[in-house]
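Since the structure comes first, as structure tokens, the remarks are kept for the end.
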Amino acid sequence: MKVMCAFVSGGLIAAGANVINDFYDVEIDKINKPKRPIAAGIIRPGEAFIFSVILLLIGIALGYLVNWKAFVVSVFCALLLYCYSFKLKRTVLWGNLSVSLVTALAFIYGGIAVNRMSYALIPATFSFFYHLGREIIKDVEDVKGDRSDHIVTLPIAYGEKLAIQIATAIYVLLIVLTFLPYLFKIFGIYYLLTVLMIVDFVIIYVIYSAWRNPESKNLSRLSMILKLNMFAGLIAIYLGKF
């Protein structure tokens, strides 16, 4: 029961955060993603805002049913995600760090639900750096729309080349970190093979392609590839105990 509550709670908080993000990004989405429901005029902004609040509150309530630790994490994540959409997204790196932290806390949240938080630390660490690199790449992708709404992200403030350099450095660090669970005998050979042949290989390809073609269309494609690659990462963690 607690696991199911945590599962649904996390999904509702994520959904609420996506809605509130669309609410605050409507002018940007009219340029970058005009098919979004609010930007396309399918849903009214006020309706979307109310819907997001309902989703977030239900998510927090379900977190309370898990235990007090889950409740604290759910409240923190909901507030941080709201602050991200309202303000932090429009700052250099703070928005990126916020999203990365919340994705890492998703694993901690699951660990809390099953009373095995220590097991969640490794995937949480990987998730933080993985999403941090992806968020910076997405910022480079969205420069045109962000600049039109006076948002000062890393690539806008310091240049797209530097942003890609930082994303590259983050992913190089992540690749090094993926070897540590095997070297310290925490995870087995199946974990290592999955990481080497899929997860790290895809990351290296993304880095290469981003440098070769930093155009928005290509970066959007790479962002989707990174999203799909997350499943391979989850499989690698699952296989780690075999």
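Key figures
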| read-out | value |
| --- | --- |
| Residues whose placed amide H lies under 5 Å from that of Thr153, excluding near-sequence neighbours | none |
| 222 nm mean residue ellipticity, helices alone, for the chain (DSSP H n ≥ 4; -39,500 (n - 2.57); rounded to 500) | -26000 deg cm²/dmol |
| Among Ala157, Ser85, His131 the positive-end extreme of the charge dipole of the chain (Cβ point charges) | His131 |
| Glu47-Val152 pseudo-label distance in nm [points 7 Å out on the Cα-to-Cβ vector] | 3.7 nm |
| Derived scalar couplings ³J(HN,Hα) [segment 111-126; Karplus, 6.51 cos²θ - 1.76 cosθ + 1.60; whole Hz; x for Gly, Pro] | x, 5, 4, 10, 6, 9, 5, 4, 5, 8, 5, 5, x, 5, 5, 4 |
| For Gly188, distant residues with modelled amide H under 5 Å away | Lys241, Phe242 |
| Cα-based reach from Lys185 at 25 Å (exclusive), listing lysines while leaving out same-chain residues under 8 positions away | Lys241 |
| Hits among lysines - C-alpha to C-alpha of Lys144 under 26 Å, sequence gap 8 or more where chains match | Lys30, Lys33, Lys35, Lys87, Lys89, Lys161, Lys217, Lys227 |
| The chain, relative contact order in percent, only Cα pairs under 8 angstrom and at least six apart counted | 17 percent |
| Three-way shape label, segment 1-124, alpha-carbon gyration tensor, a/c 1.5 | prolate |
| Under 14 Å, Cβ to Cβ, from Met117 - net charge with Lys/Arg +1 and Asp/Glu -1 | +3 |
| Surrounding net charge for Ile237, when Lys and Arg each add one and Asp and Glu each subtract one, Cβ distance under 15 Å | +1 |
| Segment 70-87 - phi-based ³J(HN,Hα) in whole Hz, Karplus 6.51/-1.76/1.60, Gly and Pro as x | 5, 4, 4, 5, 5, 5, 4, 5, 4, 5, 5, 5, 5, 4, 4, 5, 6, 9 |
| Neighbourhood charge, 14 Å Cβ-Cβ cut-off, centred on Leu228 and excluding it, Lys, Arg +1 and Asp, Glu -1 | +3 |
| Rounded to whole Hz, the Karplus (6.51, -1.76, 1.60) HN-Hα couplings of segment 90-98, x for glycine and proline | 8, 10, 7, 6, 4, x, 4, 5, 5 |
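Here, each number is a calculation from the coordinates, and none is a lab measurement. Keep in mind the model is a prediction, meaning the values are calculated, not measured. When we count neighbours, we look across all protein chains shown, and the Cβ atoms used for this are built from the backbone with ideal geometry, even at glycine.
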